[in-house]
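K.L.:
Before I ask anything, here is the structure I am working with.
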Amino acid sequence: MSSTSVSMTVNGKSVTKEVPARTLLVSFLRDHLGLTGTHVGCDTSQCGACNVHIDGKCVKSCTVLAAQADGASVTTIEGLAKGDQLHPMQAAFKEHHALQCGFCTPGMIMTGVALANEKSNPSETEIREYLEGNFCRCTGYHNIVKAIETGAKAMRR
Amino acid sequence: MANPNGIGASVRRVEDNRFITGRGTYTDDINRPGQTYGWFVRSPHAAAKIKSINAKKALAMPGVIAVLTGADMAADNIGGLPCGWLVKSKDGSPMKEPGHPPLANDRVRHVGDQVAFVIAATREGARDAADAVEVSYEPLKAAVDAAAALKPGAPLVHDDVPGNLCYDWEWGDKAKTDEAFKNAAHVTKLKVINNRLVPNAIEPRAAIGEYDRASDRYTLYTTTQNPHVIRLLMGAFVLHVPESKLRVVAPDVGGGFGSKIFHYAEEAVVTWAAKKTGQTIKWTCDRSESFVTDAHGRDHTTEAELAMDKNGKFLGLRVHTIASMGAYLSTFASSVPTYLYATLLAGQYSTPAIYANVKAVFTNTVPVDAYRGAGRPEACYILERIVENAAREMKLDKTEIRRRNLVPAAAMPYMTPVALQYDSGNFAHNLDVGLKAADYAGFAKRKEASAKQGKLRGIGLSTYIEACGIAPSAVAGALGARAGLYEAAEVRFHPTGTVTVFTGSHSHGQGHETTFAQVVATKLGVPFENIEIVHGDTDRIPFGMGTYGSRSIAVGGVAIVEACEKIITKSKKIAAHVLQTTADKIDFEDGVFKDKASNKTMTIAEVAFTAYVPHNFPHDTLEPGLDEQAFYDPKNFTYPNGCYVCEVEIAQDTGEVSIASFYAVDDFGKVINPMIVEGQVHGGLGQGIGQALLEHCVYDHQSGQLISGSYMDYAMPRADNLPSFNVSTTEVPCTHNVLGVKGCGEAGAIGAPAAVMNAVVDALSNLGINHIEMPATSQNVWQAMQGATKKAAD
Ligand code: FES
Ligand code: FES
């Protein structure tokens with residue numbers, strides 16, 4: 001199995017690892033860096049549980065090779081809070097009870113942050129449409145939509 | 001002073017802190033030292049004989065440690081996966097329980113059936129090696145649809161189960177019901193299919209098996225809703241290992257909805273293989289694999305008849321149901337279309353005579369078992385659909401026909417003709433609240449407005465009741481349950497006054513770490529933040545039955561209260577000793593013990609400290625320590641009930657259905673945390689609406705291949721498919737548990753499908769359409785509309 005050296009900045013820290021060439025970014029994060037907050041919920045790029053930011057863009061890390069992110073700056077759910085200070089989107093998810101089992105949550109939060117970065121005042125319809133690549137089986141989305149609305153507002157401040 | 005974090009407050013969840021920061025610990029997040037990886041070779045056929053398995057090539061691949069098969073399991077005397085509920089046919093014979101080997105022996109019976117287990121140093125290595133295992137199959141004809149599988153000459157799923165019939169069961173009074181039909185002024189008939197669903201918790205199942213030679217102990221980390229049940233079933237029936245040698249840990253679990261109740265083959269295989277190979281083995285399911293291995297839900301075909309007098313008063317209900325069991329009996333499969341279904345056919349109505357006949361059928365498909373609601377959504381759907389059609393046929397308003405038949409609040413407790421005794425509920429009130437909230441009176445105007453935009457608008461109701469909080473063990477046992485259904489709790493004070501609560505309930509999204517702490521904070525007057533809730537590890541918690549059937553608060557929560565009561569009783573003795581009085585003179589309120597005579601007080605934290613530093617205890621009458629356990633077995637089921645009102649709009653040119661509004665009014669008894677309860681309703685509604693409009697697990701009728709086997713093919717509800725919900729509760733306390741709680745986990749999934757489909761049928765009724773099967777996809781609706789238009793033209 002050919003291996004390859006991959007270097008990137010993850011949550012502000014630079015890392016270099018020798019990994020099998022076929023290693024997916026999600027497996028690089030979870031298995032090689034121990035960042036297990038990014039989840040795998042499917043094998044067809046549908047669920048968004050694996051969403052991370054690559055150079056500020058929201059990307060499904062199950063659908064990118066680690067090697068493709070070589071040289072990039074990656075932010076995962078673990079990189080959002082500043083110490084004990086929650087990111088406004090994280091705080092909004094807690095405040096609005098936007099999670100139950102929590103499995104979809106990291107991907108939802110990363111997606112919510114990306115939306116807020118693109119559009120500072122998204123409407124309910126815009127939020128629902130933006131979430132087309134994220135599944136949640138627990139919440140019926142109702143509270144996730146509210147949380148993203150609130151989180152986006154808080155990020156404007 | 002009311003506790004700001006006590007019962008009734010929308011306390012923000014304690015568990016969220018780890019989930020929103022990516023620090024949850026789900027099974028696949030756990031990595032054990034020296035861990036290896038397992039992958040299953042699975043059957044590509046719905047039915048086949050295994051002629052040979054050749055693992056030579058696989059074993060030669062780098063990093064491959066072992067390839068294990070059914071023959072290896074048989075050599076180790078490993079047992080089959082058991083079914084936990086015995087159902088008897090109407091002739092008294094026991095249901096057929098064909099063998100369910102964790103790894104197939106000579107036959108495979110559904111696509112995805114496990115054939116061999118490959119262990120390798122890496123996940124990718126195990127997967128590559130699994131592809132290299134050569135299995136030679138002789139494909140057989142498959143029995144796919146349940147009704148067809150019952151026909152003479154159908155292929156047999158198990159050679160020792162004639163006609164594929166697992167059982168032919170009946171419930172209710174047949175003679176009395178037949179009599180009611182003879183006297184009827186009108187009979188409404190309806191055939192409905194309750195579509196097969198895939199539960200689809202977003203966390204795929206996973207398991208890690210570990211064996212410690214020094215202590216001869218096994219540890220299984222697994223994605224389960226009930227670790228003790230898994231330990232019991234796996235230890236006693238499959239591996240034949242004493243429970244003391246088995247530890248089952250269910251860490252954070254990413255949703256269950258029933259599908260993670262059952263004891264699955266993979267759990268037994270990784271645990272057994274851990275000892276056999278001396279390796280710690282992790283297996284994590286792929287989503288495509290989940291589709292063909294997680295137990296599915298529903299899959300009923302029912303013919304129902306409702307007899308009425310000339311005023312629309314219900315006289316009798318008769319149903320005949322065919323339920324698919326899939327290829328094997330999953331853990332609680334047999335109870336779902338029987339005791340969890342026919343017992344609910346009275347619904348909220350005072351129908352005096354009810355008869356149900358259920359045929360459970362083996363098919364070459366994934367086993368079917370409990371999925372959110374389990375039997376009760378099927379009962380509610382039939383009943384509420386047929387009542388809707390009855391109203392139309394009787395030319396009665398849909399609310400009026402219900403009002404004429406609802407069990408009045410004054411009739412509580414009410415004994416149904418199908419063996420349940422409803423303890424409480426005010427059904428008519430829920431209906432009033434629901435209709436008012438949804439502005440039922442203003443519907444005609446909204447319909448007109450929709451029509452102007454080329455849309456057909458419909459309004460649908462459903463009034464549901466469910467039996468949950470299972471169960472009184474005596475009742476469940478009499479009905480065939482092979483286990484008790486109590487719950488266990490331990491409340492342990494630490495010397496400095498903080499508390500750890502060990503519960504047999506399991507949280508996989510329900511928020512027990514918050515809700516249960518609220519209960520304890522209220523009962524013991526301990527600050528909320530000083531209470532820790534522990535669940536999910538058989539080495540830590542007392543023997544508990546786990547979480548399903550909306551039982552956590554009604555059974556597990558009450559067990560915690562009972563343990564708290566014991567704590568208070570003992571604390572009074574300690575306080576009496578210190579305050580030099582007798583326990584009967586001590587009052588307890590808000591965490592403070594007070595001697596009524598002297599007004600001297602002691603806080604519960606001081607009592608705890610004294611309990612652990614018993615310097616001058618009278619040890620013959622007072623034990624040190626403050627740690628109490630309780631097992632609670634409920635006296636009756638609890639009966640959450642409610643009224644749902646849904647409006648839909650249907651695009652005339654495409655048949656696309658959208659939810660215009662959804663109102664849910666639920667009576668869950670006393671509500672501990674309104675925020676969490678609302679969230680549970682939202683989630684249930686999402687799944688119920690998903691069933692009604694989107695989701696369908698489809699098999700090819702001939703080959704038994706799963707056609708909807710991925711998220712590309714199985715329509716999961718997305719954010720833009722669902723509306724914002726309007727939910728509210730009416731609290732009629734449960735009369736037989738101290739918390740007055742009824743449970744809220746399944747209501748949405750039970751009540752929603754009928755409300756949505758009644759609205760769809762209402763919208764289409766002008767076209768002469770009186771039924772449409774779920775899911776009401778635009779294609780199904782459009783075809784029905786075309787068919788109706790064509791009929792009208794002919
Ligand atoms: S795991 Fe990446 S989209 Fe599902
Ligand atoms: S919170 Fe469980 S899947 Fe979203």
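K.L.:
What does the charge add up to near B:Val727, with Lys and Arg as +1, Asp and Glu as -1, over the other residues with Cβ less than 15 Å from its Cβ? Please list the in-between numbers first.
P.N.:
Numbers: positive: A:Lys146, B:Lys436; negative: B:Asp666, B:Asp667, B:Glu678, B:Glu731, B:Glu746.
Within the 15 Å Cβ shell, the charges total -3.
K.L.:
Test of understanding: extend the Cα→C-beta vector of B:Ala409 to 7 Å, then name every residue of region B:666-680 with backbone N under 16 Å from that spot.
P.N.:
Answer for this model: B:666-670.
K.L.:
Now, a different point. Please give the FRET efficiency for A:Glu132 paired with B:Asp587, using the beta carbon to beta carbon distance and R0 = 56 Å, rounded to the nearest 0.05.
P.N.:
Calculated value: 0.40.
K.L.:
Need the per-residue list for region B:190-223: every residue with at least 40 Å² less accessible surface in the complex of protein chains than in the chain by itself, probe 1.4 Å, sorted by number.
P.N.:
SASA drop of 40 Å² or more in region B:190-223: B:Ile202.
K.L.:
To the nearest µm²/s, what D does Stokes-Einstein give for region A:88-156 at 10 °C and 1.306 mPa s, using the Kirkwood radius over alpha carbon pairs as Rh? Mind showing how you got there, number by number?
P.N.:
On the way: Rh = 11.4 Å.
This corresponds to a translational diffusion coefficient of 140 µm²/s.
K.L.:
Continuing with the same structure: What does the charge add up to near A:Leu99, with Lys and Arg as +1, Asp and Glu as -1, over the other residues with Cβ less than 15 Å from its Cβ? Spell out each step's value before the answer.
P.N.:
On the way: positive: A:Lys94, A:Arg137, A:Lys146, B:Arg12, B:Arg13, B:Arg18, B:Arg23; negative: A:Glu95, B:Glu15, B:Asp16, B:Glu203, B:Asp252, B:Glu513, B:Glu678.
Around A:Leu99, the charge tally is 0.
K.L.:
Could you work out what % of the accessible surface of region B:296-382 is carbon and sulfur, using a 1.4 angstrom probe and leaving DNA, RNA and ligands out of the count? Show your work: numbers first, answer last.
P.N.:
Working: 690 of 1290 Å².
That share works out to 54 percent.
K.L.:
Quote to one decimal, in nm, the extra length available between B:Lys176 and B:Arg446 on full extension: 0.36 nm per residue of separation minus the C-alpha distance between them.
P.N.:
On the way: separation 270, 0.36 × 270 = 97.20 nm, distance 4.40 nm.
That works out to 92.8 nm of additional length.
K.L.:
Carbon and sulfur together cover what percent of the accessible area of region A:88-156 at a 1.4 Å probe radius?
P.N.:
On the way: 870 of 2050 Å².
Heavy-atom surface of region A:88-156 belonging to carbon and sulfur, 1.4 Å probe: 43 percent.
K.L.:
A further question follows. For each pair in B:Lys452/B:Lys791; B:Lys90/B:Lys395; A:Lys82/A:Lys119, compute the distance between the two Cα atoms and list the pairs where it is over 29 Å.
P.N.:
Numbers: B:Lys452/B:Lys791 25 Å; B:Lys90/B:Lys395 38 Å; A:Lys82/A:Lys119 23 Å.
Where the Cα-Cα span goes over 29 Å, the pairs concerned are B:Lys90/B:Lys395.
K.L.:
Using helices alone, I'd like the mean residue ellipticity at 222 nm for chain B: each DSSP H run of four-plus residues gives -39500 (n - 2.57), total over residue count, nearest 500. List each step's numbers first, then the result.
P.N.:
Working: 20 runs with 211 residues, N = 794.
Per the formula, -8000 deg cm²/dmol.
K.L.:
Same structure, new question: Could you please put A:Asp84, B:Asp439, B:Asp160, B:Asp423 in sequence from largest to smallest accessible area, using a 1.4 Å probe? Kindly include the intermediate steps, with their values, before the conclusion.
P.N.:
Details: A:Asp84 155, B:Asp439 75, B:Asp160 105, B:Asp423 15 Å².
Descending accessible area places them as A:Asp84, B:Asp160, B:Asp439, B:Asp423.
K.L.:
At most 12 other Cβ atoms within 10 Å and a DSSP loop assignment: could you name the trypsin sites (Lys or Arg not before Pro) in region B:185-275 that fit?
P.N.:
Details: sites: B:Lys189, B:Lys191, B:Arg196, B:Arg205, B:Arg213, B:Arg217, B:Arg231, B:Lys245, B:Arg247, B:Lys260, B:Lys275; in loops: B:Arg196, B:Arg205, B:Arg213, B:Lys260.
Those satisfying the criteria are B:Arg213.
K.L.:
Within chain B, which DSSP H helices have Cα atoms that stretch 24 Å or more along the helix axis and a mean Kyte-Doolittle hydropathy of at least 0.0? Please report the intermediate quantities before stating the final value.
P.N.:
Details: long enough: B:376-393 (25 Å, -0.50); B:558-578 (30 Å, 0.62); B:674-693 (28 Å, 0.37); B:747-764 (26 Å, 1.44).
Going by DSSP H runs, the hits are B:558-578, B:674-693, B:747-764.
K.L.:
Tell me the total accessible area that A and B bury against each other, 1.4 angstrom probe, in square angstrom rounded to 100.
P.N.:
Chains A and B together bury approximately 4200 Å².
K.L.:
As a test of the formula, what do you get for chain A when each DSSP H run with n ≥ 4 contributes -39,500 (n - 2.57) and the sum is divided by the residue count, at 222 nm and rounded to the nearest 500 deg cm²/dmol? List each step's numbers first, then the result.
P.N.:
Values: 4 runs with 44 residues, N = 157.
Computed mean residue ellipticity for chain A: -8500 deg cm²/dmol.
K.L.:
Quick check: at a probe of 1.4 Å, how many percent of the accessible area of region A:3-79 sits on carbon and sulfur atoms?
P.N.:
Working: 1460 of 3000 Å².
Whole-percent figure for carbon plus sulfur exposure: 49.
K.L.:
What are the residues of region B:5-29 that lose 40 Å² or more of accessible area, with a 1.4 Å probe, going from their chain alone to all protein chains?
P.N.:
B:Arg12, B:Arg13, B:Asp16, B:Phe19, B:Ile20, B:Thr21, B:Gly22, B:Tyr26, B:Asp29
K.L.:
Please report, to one decimal in angstroms, the Kirkwood hydrodynamic radius of chain B built from all distinct Cα-Cα pairs. Present the calculation step by step, with values, prior to reporting the outcome.
P.N.:
Working: mean 1/r = 0.0360 Å⁻¹.
About 27.8 Å, per the Kirkwood formula over Cα pairs.
K.L.:
Shifting gears a bit: Residues of region B:173-205 with the amide nitrogen closer than 16 Å to a label point 7 Å from the Cα of B:Asn770, along Cα-to-Cβ, please.
P.N.:
B:185-193
K.L.:
Further question: For region A:102-126, list whatever residues lose no less than 50 Å² of accessible surface once every protein chain is in place, relative to that chain by itself, with the probe at 1.4 Å.
P.N.:
Flagged in region A:102-126: A:Phe103.
K.L.:
Sticking with this one: Local charge sum around B:Glu170 (other residues, Cβ-Cβ under 12 Å, Lys/Arg +1, Asp/Glu -1)?
P.N.:
On the way: positive: B:Lys88, B:Lys90, B:Lys174, B:Arg318, B:Lys359; negative: B:Asp91, B:Asp168, B:Asp173.
Result for the neighbourhood of B:Glu170: +2.
K.L.:
Once you place label points 7 Å from the Cα toward the Cβ at B:Lys791 and B:Lys600, how far apart are they in nm?
P.N.:
8.5
K.L.:
I'd like to check one number: the per residue accessible area of the protein assembly as shown, probe 1.4 Å, reported in Å² as a whole number.
P.N.:
Working: 33210 Å² over 951 residues.
Per-residue accessible area for the protein assembly as shown comes out at 35 Å².
K.L.:
So between A:Asp70 and A:Met155, what do we pick up on full extension, going 0.36 nm a residue minus the alpha carbon distance? Could you put the intermediate results ahead of the total?
P.N.:
Values: separation 85, 0.36 × 85 = 30.60 nm, distance 2.91 nm.
The span from A:Asp70 to A:Met155 would gain 27.7 nm if fully extended.
K.L.:
Not counting ligands, DNA or RNA, and with a 1.4 Å probe, what is B:Ser571's accessible surface area in Å² rounded to the nearest 10?
P.N.:
Surface accessible to solvent at B:Ser571 totals approximately 0 Å².
K.L.:
Using DSSP to define loop residues, name the GluC sites (Glu not before Pro) in region B:481-578 whose beta-carbon has at most 11 other beta-carbon atoms within 10 Å. It would help to have the intermediate numbers written out before the result.
P.N.:
On the way: sites: B:Glu487, B:Glu490, B:Glu513, B:Glu529, B:Glu532, B:Glu562, B:Glu565; in loops: none.
Taking region B:481-578 and a limit of 11 other Cβ atoms within 10 Å, no loop GluC sites (Glu not before Pro) are found.
K.L.:
Rounded if a/c is under 1.5, else prolate if a/b beats b/c, else oblate: with a ≥ b ≥ c from the C-alpha gyration tensor eigenvalues square-rooted, which is region A:3-79?
P.N.:
Numbers: a/c = 1.58, a/b = 1.22, b/c = 1.30.
Oblate, since a/c reaches 1.5 and b/c is not below a/b.
K.L.:
Next up: In nm, give the distance between the simple-model label positions of B:Thr25 and B:Gln705, each being 7 Å from the Cα along the Cα-to-Cβ direction.
P.N.:
Once both label points are built, they end up 4.3 nm from each other.
K.L.:
Further, regarding this structure: Averaged over its residues, how many other protein chain Cβ atoms are within 10 Å of peptide B:679-688's Cβ atoms? Present the calculation step by step, with values, prior to reporting the outcome.
P.N.:
On the way: counts 10, 4, 2, 9, 10, 2, 2, 7, 3, 1.
Taking the mean over all residues of the peptide, I get 5.
K.L.:
Moving on to the next point. Let me know the shape class of the protein assembly as shown, please: from the alpha-carbon gyration tensor, a ≥ b ≥ c as square roots of the eigenvalues, rounded when a/c is under 1.5, otherwise prolate if a/b is greater than b/c, or oblate.
P.N.:
Working: a/c = 1.28, a/b = 1.06, b/c = 1.21.
Verdict is rounded for the protein assembly as shown.
K.L.:
Mind giving me the nanometre distance, one decimal, between the label points for B:Asp713 and B:Lys141, set 7 Å out from Cα along Cα→Cβ?
P.N.:
Using points 7 Å along Cα→Cβ, the separation is 2.4 nm.
K.L.:
By how many degrees, 0 to 90 and rounded to 10, does the Cα axis of helix A:105-118 deviate from the longest principal axis of chain A?
P.N.:
80
K.L.:
Between the DSSP loop rule and a limit of at most 14 other Cβ atoms within 10 Å, which trypsin sites (Lys or Arg not before Pro) in region B:64-117 are left? Walk me through the numbers before you get to the answer.
P.N.:
Numbers: sites: B:Lys88, B:Lys90, B:Lys96, B:Arg107, B:Arg109; in loops: B:Lys90, B:Lys96, B:Arg109.
Within region B:64-117, the qualifying trypsin sites (Lys or Arg not before Pro) (loop, at most 14 other Cβ atoms within 10 Å) are B:Lys90.
The values are calculated or read from the model by the stated rules, or taken from the named source; none is laboratory data. This structure is a prediction, so every number in the text was calculated from the model and none was measured. Because the Cβ atoms are built from the backbone with ideal geometry, glycine has one as well, and the counts that use them run over all protein chains shown. These area figures cover heavy atoms from the full protein model, side chains too; ligands, DNA and RNA do not enter into them. Shrake-Rupley method; radii C 1.70, N 1.55, O 1.52, S 1.80 Å.
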